[in-house]
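Q: For reference, the structure I am asking about is given below.
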Amino acid sequence: MNDVHNEKGTNKGLSLFFKSSFIVSGVIIVISSVLLYFTFTFDLVPPILNRGIQPATFPKALLILIIVLTLLTYFISLKNPWKDEKKLPTSFYITLLSFAVFIIVSKFFDFFLGIALLSIIVSYFWGERRATYLILVSIIFPLIVFVFFETILGLRFPPGIITNLYYG
Amino acid sequence: MENLGLIFAPLFSYKLLIVLFFGTIFGLILGVLPGLGPTTGGALILPFTMTLDPLSAIVLLTAIYCAGTYGGAITAILINTPGTPAAAATCLDGYPLAQKGEAGRALGMATVSSVIGGIASVIVLIFFAPLLANLAYEFGQPEYFALAIFGLTMLASIGEGSPIKNLIAGAFGILISTVGKDFMTSIDRFTFGINELTEGIGFIPVVVGLFAISEMLTQSTLINQIFNRVALKAVKLPSIDDYKKTWKTIIRSSGIGSFIGVLPAEGGTVASLIGYAEAKRWSKKPEDFGKGSIEGIAGAEAANNAATGGAMVPTLALGIPGSATTAVILTGLIIHGVRPGPDLFREQPEFLYGIFGSMLIANILFFVLGFFGAKIFARITLVPNKLLWPMIFAVSVCGTYSLNQSIIDVWLMLLFGVIGFFMRRYGFSVVPVIIGLILGELVEGTLRQSLVIFDGNWLMFLQRPIALTFFVLSLIALSFPLIKRKKKNDKV
């Protein structure tokens, strides 16, 4: 992630908000706070039956610990800033997008179609242009994996367009 | 000690020998491939082990561990890229020696010192694990709680990352273990109305996600990386003179590696760095280090392989993982219904000594396979990432799905992959998450049961001498990285 505070003409007061340490700490604290809120919605054991601590106490303590340690990390980072990370390349976002494609396709169409699509997207955008190799990673290899799991390990895959053809 | 004869049992089981053979080959392949390694590889193979009996499953994982730790040296020497983090110190002298046209000599020394280190550490494991396990007979719930806390505080000094970040990651791991029905009251926690979450989040989606999928995302940012490869004409034995120069270093590093391996949450990476530094300190020619010193290779490789057996000591005796890969092995033990600890030593000696024997055989196997197959294994690095990682994804997805036949597990795996990627990017190690997840149930369970025993009086913990000792050790473990950092800052 680029630290904007180093760029020319940037308001130095606002630069604090663009530091990766601020953003990461902020995200951890927000998520932890939301989870902490949820711990207050857990059912309580009636006092007469309660032995020891309530089920919510341990997660509450953990979340508070995470928040305190994150604040500590953030304040330490003001003195010893985190190293600047390089901007993430397009190939990363495409790989991430391919995960989303896999989730949607495997949920609504077919599990193996999802794997095949992800494989072809990743392989192509990571630089593979040869059709033979694209077929190898997107069709032949997933097919080998399917046969291995289905026949040798006796696994039944979720129903879908292609899987249903196999299962009849 | 009357069970020592059981060590040779795997030699008479063709099934275990086949598992060992494939585990060693698979471990070597994983070790050679930068970004994979025995931890990620172990995570990938975990779902498949469900089709094996518990002993074969753990033998497979330990063979991968031993061979994978050595395999990292092959790429460290030939392409200056450590196949595993534990082989980072091997690059310092292995690659310069390979550039001088002596890749075979470097590889030969790495193999011999790895085997000696590995065998020495198994001997340590055979003798120390039962002793440590016997000590655990004195443990009640409060002592186990204190021990688990000690195991967690050691996270502060794991790897090169910030101690506080490691503790945050460890706490996150424990938090994951609280998802699902509370084991004492059956009250739902963090299930958000999703039925699949009531059983909790399984180890496999988290382990595969944090190691394999996050590595896939990391590799997606490195697709233009180019390796300089050194041609390997032949693997030759180091000369007698080389052995004369290095035997003391190998023995010293084997001791260092075994000791560091025993410390919870330390592992091969720390061991190899210390082994390398000590080899340099004791060398008659320290000026040669970094330029292709044969002692440097021996020091690093003997130490990192010696850490394998050492790390298995707390894993098997106490259920506290000694390294990242043993955390995966511990996961394997748990999902196969094997609970490490003193009872395991008393009730299932054939299981434990089978593991010890298999580790010994794995070391001998990778000596043979490593020596004669290094040239072939080195060619595996030629498989481009653009083909390799989609295949790993397919195996990861099917492996994760296979355990509970749950698509939610696959989604969780992807979620943890993304979380793991960003954790690593911002300096949070993913290993503490796994250790936290493994120890989470132990920490919460023993704490709550102790409080029931103590009638809610927390101060009673301090009246238990063993528990108190572990709390003091925990404080020392927590303050050690801070003192180290302060000293470093003072020096600067």
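Q: Which condition does B:Ser450 not pass, out of (1) within 12 Å of another protein chain (Cβ to nearest Cβ); (2) under 21 Å from the mean Cα position of the chain (by Cα); (3) of a type in the set (Ser, Thr, Tyr), if it passes all the others?
A: The one condition B:Ser450 does not meet is (2).
Q: Quick check: is even one residue across segment A:128-140 more than 8 Å from chain B (Cβ to nearest Cβ), free of Cβ contacts under 8 Å to residues at least 60 places away in the same chain and over 30 Å from B:Thr221 (Cα atoms)?
A: The answer is no; no qualifying residue exists.
Q: Another question, if that's okay. Does A:Thr163 meet the test of being among the polar types (S, T, N, Q), more than 9 Å from chain B (Cβ to nearest Cβ) and under 27 Å from B:Asn385 (Cα atoms)?
A: In short, no.
Q: Now a separate question. Would you pick out the residues in segment A:36-59 that are within 23 Å of the chain's Cα centre (by Cα) and either farther than 20 Å from B:Thr191 by Cβ or at the interface with chain B (Cβ under 7 Å from one of its Cβ atoms) (or both)?
A: A:Phe38, A:Pro59
Q: Let me ask something else about it. Which residue is nearest to the other protein chains (Cβ to nearest Cβ), if the candidates are limited to segment B:167-183 and must be in contact with a Gly (Cβ under 6 Å, 6 or more places away or on another chain) and assigned to a helix (DSSP H, G or I)?
A: Checking each candidate, the answer is B:Ile174.
Q: Follow-up. Quick check on segment A:28-49: of everything there that is assigned to a loop (DSSP other than H, G, I, E, B) and aromatic (Phe, Trp, Tyr), which residue is nearest to A:Ile67 (Cα to Cα)?
A: Among those that are assigned to a loop (DSSP other than H, G, I, E, B) and aromatic (Phe, Trp, Tyr), it is A:Phe40.
Q: Here is a further query. Looking only at residues that are farther than 23 Å from B:Gly440 by Cα and touching a Leu at 6+ places or on another chain (Cβ under 7 Å) in segment B:318-356, which one is surrounded by the most Cβ atoms within 10 Å (Cβ to Cβ)?
A: B:Leu352
So that you can scan it fast, the table gives a plain yes or no per residue for (1) under 21 Å from B:Val19 (Cα atoms); (2) free of Cβ contacts under 8 Å to residues at least 60 places away in the same chain:
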{"residue": "B:Gln348", "(1), (2)": "yes, yes"}
{"residue": "B:Gly357", "(1), (2)": "yes, no"}
{"residue": "B:Ile361", "(1), (2)": "yes, no"}
{"residue": "B:Phe372", "(1), (2)": "yes, no"}
{"residue": "B:Asn385", "(1), (2)": "no, no"}
{"residue": "B:Pro390", "(1), (2)": "no, yes"}
{"residue": "B:Ser396", "(1), (2)": "yes, no"}
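Q: B:Gly337 passes all but one of (1) on the phi > 0 side of the Ramachandran plot; (2) at pLDDT below 85; which number fails?
A: For B:Gly337, the exception is condition (2).
A quick yes/no check of all residues on (1) surrounded by 24 or more Cβ atoms within 10 Å (Cβ to Cβ); (2) assigned to a helix (DSSP H, G or I); (3) at pLDDT 80 or above:
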residue	(1), (2), (3)
B:Pro10	yes, yes, no
B:Leu16	no, yes, yes
B:Phe21	no, yes, yes
B:Phe26	no, yes, yes
B:Pro38	yes, yes, yes
B:Pro47	yes, yes, yes
B:Leu60	yes, yes, yes
B:Ala73	yes, yes, yes
B:Ala76	yes, yes, yes
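Q: Kindly list the number of the only condition in (1) more than 7 Å from every other protein chain (Cβ to nearest Cβ); (2) of a type in the set (A, V, I, L, M, F, W, C); (3) buried (at least 24 other Cβ atoms within 10 Å of the Cβ) that fails for B:Trp389.
A: Every listed condition holds for B:Trp389 apart from (1).
Q: Another question, then. Write out, first by first residue and then by second, each pair whose Cβ atoms fall under 8 Å of each other, whose residues are 6+ apart or on separate chains, and whose first residue, in segment A:98-126, is assigned to a loop (DSSP other than H, G, I, E, B) while the second is crowded, with 18+ Cβ neighbours inside 10 Å and of a type in the set (Gly, Ala, Ser).
A: A:Phe109/A:Gly160; A:Asp110/A:Gly160; A:Trp126/A:Ser91; A:Trp126/B:Ser220
Q: Sticking with this structure for a sec: Which of the numbered conditions does A:Tyr124 fail, given that it passes all the others? Conditions: (1) within 10 Å of chain B (Cβ to nearest Cβ); (2) closer than 19 Å to B:Leu415 by Cα.
A: (2)
Q: Can you tell me which residues in segment A:58-87 are free of Cβ contacts under 8 Å to residues at least 40 places away in the same chain and outside any helix (DSSP H, G or I)?
A: A:Asn80, A:Lys83, A:Lys86, listed by residue number.
The values are calculated or read from the model by the stated rules, or taken from the named source; none is laboratory data. All figures in this text were calculated on a predicted structure; none of them were measured in a lab. FYI the Cβ positions are ideal-geometry reconstructions off the backbone, even for glycines, and counts take in every protein chain you see.
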